[in-house]
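The values are calculated or read from the model by the stated rules, or taken from the named source; none is laboratory data. Nothing here was measured: the structure is a model prediction, and the numbers come from that model. Cβ atoms come from the backbone with ideal geometry, glycine included; neighbour counts cover every protein chain shown. Side chains are part of the model used for accessible areas, which takes the heavy atoms of the whole protein and leaves out ligands, DNA and RNA. Shrake-Rupley method; radii C 1.70, N 1.55, O 1.52, S 1.80 Å.
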Amino acid sequence: MGSNDVYDFDTGADKNKKESVVNLVGSRSVAFIAAYSSLLLGFAGLAWTSIGAGNIHAILFLAFAIICGYVYQCPPFRLSYQGLGEPLCFAAFGPFATSAFYLLLGSTSEMSILPLTGTILSASLLVGFTTTLILFCSHFHQVEEDKAVGKFSPLVCHWLILVHLSTCFSQVSASMSC
């Protein structure tokens, strides 16, 4: 999440965050270049793998995951500042990325498209829920910084906690029913 740290550095949200990549490296430019280089190399490698596997569905899922990450953190969107970080994180790492990797790992010359079963979708919900919970917990030590820069994290907007908790509860319930 190097680019997220770059953009949070720009707004001042991470000025006191010791573990921020920008603060660790000591240079916004180096963190920015490293983040986007990693994104481009990773996407190119995954696109190449998807094309080689003949699985266009996987690359579409990966593109949606990257789009979720972009609108989560990057200007002009910065939807994480509107309290939408957790749902975007859930979608990106859960259904989109997990399903994409499942499709890529299962692609062979004998079977080009694997079905997305209830088990796979349940696993993607679990991955999404876990990642979202980690993101949610990361807000506890930076409430004051988020308030100061107008970042409406779930802990800044207390009503969002109820929405996120009810969403997480329904996601867990849905994955257990399969």
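Test of understanding: among 126, 165, which residue is out of contact with any strand residue (DSSP E or B) (no Cβ under 6 Å at 6 or more places or on another chain) and either over 27 Å from residue 38 (Cα atoms) or at pLDDT below 90 (or both)? Spell out how you get there, then give the answer.
On the way: 126 fails: either over 27 Å from residue 38 (Cα atoms) or at pLDDT below 90 (or both).
That would be 165, the only listed residue that is out of contact with any strand residue (DSSP E or B) (no Cβ under 6 Å at 6 or more places or on another chain) and either over 27 Å from residue 38 (Cα atoms) or at pLDDT below 90 (or both).
Select from segment 5-34 the residues that are hydrophobic (A, V, I, L, M, F, W, C), open to solvent by less than 60 Å² (accessible area, probe 1.4 Å) and either out of contact with any Phe, Trp or Tyr (no Cβ under 6 Å at 6 or more places or on another chain) or at pLDDT below 90 (or both) and list them in ascending order.
13, 21, 31, 34
Annotation for segment 89-99: at least one member residue is touching a helix residue (DSSP H, G or I) at 6+ places or on another chain (Cβ under 9 Å) and of a type in the set (Val, Ile, Thr). Looking at segment 35-52, which of its residues are open to solvent by less than 50 Å² (accessible area, probe 1.4 Å) and more than 18 Å from the chain's Cα centre (by Cα)? If the condition is that a residue be open to solvent by less than 50 Å² (accessible area, probe 1.4 Å) and more than 18 Å from the chain's Cα centre (by Cα), then 45, 47, 50 are the ones that fit.
Screening residue 77 with (1) closer than 22 Å to residue 18 by Cα; (2) modelled with pLDDT of 85 or more; (3) not in a helix (DSSP H, G or I) gives one miss only, at (1). Residues in segment 1-43 that are of a type in the set (S, T, N, Q) and more than 23 Å from residue 150 (Cα to Cα): 27, 29, 37, 38. Criterion first (in contact (Cβ under 8 Å) with a residue 24 or more places away in the chain, within 22 Å of residue 139 (Cβ to Cβ) and surrounded by 20 or more Cβ atoms within 10 Å (Cβ to Cβ)) does residue 96 satisfy it? Spelling it out, it is not the case that residue 96 is in contact (Cβ under 8 Å) with a residue 24 or more places away in the chain, within 22 Å of residue 139 (Cβ to Cβ) and surrounded by 20 or more Cβ atoms within 10 Å (Cβ to Cβ).
Filtered by the rule that a residue be in a helix (DSSP H, G or I), more than 19 Å from residue 88 (Cα to Cα) and without any contact (Cβ under 8 Å) to a residue 40 or more places away in the chain, segment 112-139 gives a lone residue, 120.
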